[in-house]
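Here, each number is a calculation from the coordinates, and none is a lab measurement. These numbers come from a predicted model, not from an experiment. Cβ placement follows ideal geometry from the backbone for every residue including glycine, while neighbour counts extend to all protein chains displayed.
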Amino acid sequence: MKKIVVLLFAFGMAFNSTATERADHSLWTELLKEHVSSSGNVDYKGFKDDMERLDEYLIELKTKAPQGDWSKNEKKAFYINAYNAYMIKFLLAKYPVKSPKDAKFSGKDIWHFRMVLIGPQRYDLTQIEDNVLRTMGDPRIHFAINCGAKSCPKLLNEAYEADKLSAQLTSATKKFLANKTHNVITAKKVKISKIFEWYADDFKGDNSIIKFLNKYGPMTVNADAKIEYLEYNWQLNGQ
């Protein structure tokens, strides 16, 4: 009996040791609600005054990195939030700028500045997008991460959360496709964001562009519809 109790205790300790603490994204939601409008316009001046709270959230991301016991949605939400929070952080470091393309760090653009700190690892924003998020096989992520430019999908004014992630991603995708500034969609011809051109590999097979537009867009598009890509507006998405 004593041996059984010892074994059960050891099993319990082993189980508890693998249960990792999840990151709390509530502070990120607070910051977004205070400094991002419902239309996605970012108040960078206000964000700059709140740098201490933003840094506090970034510490949360660094110290509570995803582990093996996290679900796919937990990891996906975490890295979307991390991408967006660090994009804001990097832009604030160079603010005021007219475009995210103007933010340079030792000659590197904002997407290749390797100071995204997650656990013991350092990433750049491109690595987060290409090597983490895109490998999850969900092209809706392209409409959740924000590059700081006016042609980017808007920055949601709340954090992405695992328990409602699919609904959030679907909503972000539908709103982006319905926005005629970013996409002009008709049955016979579509003029769409260059996001679809840049990440064409993510829109093949069951996620082909036409199928994707018909699933999330505002109207049905013919299978043989002509596709064109709109010019990207790289002006900063706020002031």
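Separation of the alpha carbons by more than 23 angstrom is noted, of LYS33/LYS72; LYS45/LYS75; LYS174/LYS204; LYS150/LYS194; LYS174/LYS194, for LYS33/LYS72; LYS45/LYS75. With both labels modelled 7 Å from their Cα along Cα-to-Cβ, the ASP43 to SER166 distance reads 3.6 nm. The stretch between GLU30 and ASP102, if pulled fully straight at 0.36 nm per residue, gains 23.2 nm over its current Cα-Cα span. Modelled this way, with points 7 Å down the Cα-to-C-beta line, the labels at ASP109 and LYS226 are 3.0 nm from one another.
Helical runs (DSSP H, four residues minimum) scored at -39500 (n - 2.57) apiece and divided by the length of the chain put the mean residue ellipticity at 222 nm at -12500 deg cm²/dmol.
Normalised by residue number, the volume inside the convex hull of the Cα atoms of segment 76-154 is 89 Å³ per residue. Proximity of backbone amide H atoms, modeled 1.01 Å from N, is registered between LYS189 and LYS226 at under 5 Å, excluding neighbours fewer than 5 places apart on the same chain. Answer rounded, prolate or oblate for segment 22-182, using the Cα gyration tensor with square roots of eigenvalues a ≥ b ≥ c: rounded when a/c is under 1.5, else prolate when a/b is larger than b/c, else oblate. Note, shape of segment 22-182 comes out rounded.
Near GLU74, once Lys and Arg are set to +1 and Asp and Glu to -1 for all other residues with Cβ below 10 Å from its Cβ, the sum equals +1. Counting only DSSP beta bridges with both residues in the chain, tell me the antiparallel percent, nearest 5. The antiparallel proportion sits near 65 percent. Cβ under 13 Å from GLU228's Cβ, GLU228 left aside: what net charge do those residues give with Lys, Arg +1 and Asp, Glu -1? Around GLU228, the surrounding residues sum to +3. For a label point 7 Å from the Cα of ASN131 along Cα→C-beta, name the residues of segment 17-47 whose backbone N is under 19 Å from it. Taking a point 7 Å out along Cα→Cβ of ASN131, no residue of segment 17-47 has its backbone N under 19 Å. For segment 93-239, the fraction of C-alpha pairs more than 21 angstrom apart is 49%.
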